[in-house]
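The values are calculated or read from the model by the stated rules, or taken from the named source; none is laboratory data. These figures come from a predicted structure and were not determined experimentally. All Cβ positions, glycine included, derive from the backbone under ideal geometry; neighbour counts span all protein chains shown. Quick note on the areas: whole protein, heavy atoms, side chains included, nothing else; ligands and nucleic acids left out. Shrake-Rupley method; radii C 1.70, N 1.55, O 1.52, S 1.80 Å.
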Amino acid sequence: MAYRITRRHEIHCGHRVTGHESKCAHLHGHAYVFDLTCEAAELDPLGRVIDFAVIKERVCRWLEDVWDHRMLLWQHDPMLPGLRALDPSVVAVPFNPTAENIARFVVDVVGPQTLEGTGVRLVAVSVQETSKCSAQYEAPRHDA
Ligand SMILES: [Zn+2]
């Protein structure tokens, strides 16, 4: 049994999906809404998984500092070198930036990095690209 809490955060990014069959291959952007779910086996002395403010200060801050108002492109996207030459703020990510891959990267990389030392795990992330489309990724369970 475990307790879970979720904090929502919104950032704005450009991206494109390399190799997409249709218009997602074009440079475009989204108001990405992240639902960041943290888990702990036990509550702290006040009865919390973790203070919501800690998620904001760590995970949401990372999203703000590294991705917000940036163009996210796959490191192997053929457009990357040319666009980076025009604008060094373009971010090269180690995955084709679909909502699914963004969710997985936040769970696998951003969560462990930003929540280190808290005793809390970021176990699931939902990434909403539009009001109609979102993707979720959940970390494999430790006890599985
Ligand atoms: Zn898109």
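Residue count for region 19-68 under the criterion of being within 30 Å of residue 80 (Cα to Cα), in contact with a Lys or Arg (Cβ under 9 Å, 6 or more places away or on another chain) and among the hydrophobic types (A, V, I, L, M, F, W, C): the result is 8. Reported count of residues in region 67-118, each being hydrophobic (A, V, I, L, M, F, W, C) and over 18 Å from residue 31 (Cβ atoms), is 16.
Put simply, of 35, 87, 108, 65 the only residue that is open to solvent by less than 60 Å² (accessible area, probe 1.4 Å) and either more than 16 Å from the ligand (Cβ to nearest atom) or in contact (Cβ under 8 Å) with a residue 40 or more places away in the chain (or both) is 35. If you go through region 68-79 and pick out every residue that is touching a residue at least 60 places away in the same chain (Cβ under 8 Å) and open to solvent by less than 40 Å² (accessible area, probe 1.4 Å), you end up with 1. Note on region 1-32: among residues that are over 15 Å from residue 74 (Cβ atoms) and of a type in the set (D, E, K, R), the one that is least open to solvent (accessible area, probe 1.4 Å) is 7.
Pairs meeting the criteria (first residue in region 9-28 and farther than 13 Å from residue 98 by Cα and more than 9 Å from the ligand (Cβ to nearest atom), second residue open to solvent by 20 Å² or more (accessible area, probe 1.4 Å) and assigned to a helix (DSSP H, G or I), beta carbons under 7 Å, at least 6 apart or on different chains) are 11/64. When residues of region 38-54 are filtered for being open to solvent by less than 50 Å² (accessible area, probe 1.4 Å) and of a type in the set (A, V, I, L, M, F, W, C), how many remain? Result for region 38-54: 6. Residues that are farther than 21 Å from residue 62 by Cα and of a type in the set (A, V, I, L, M, F, W, C) within region 1-23 comprise 1, 2, 17, listed in sequence order.
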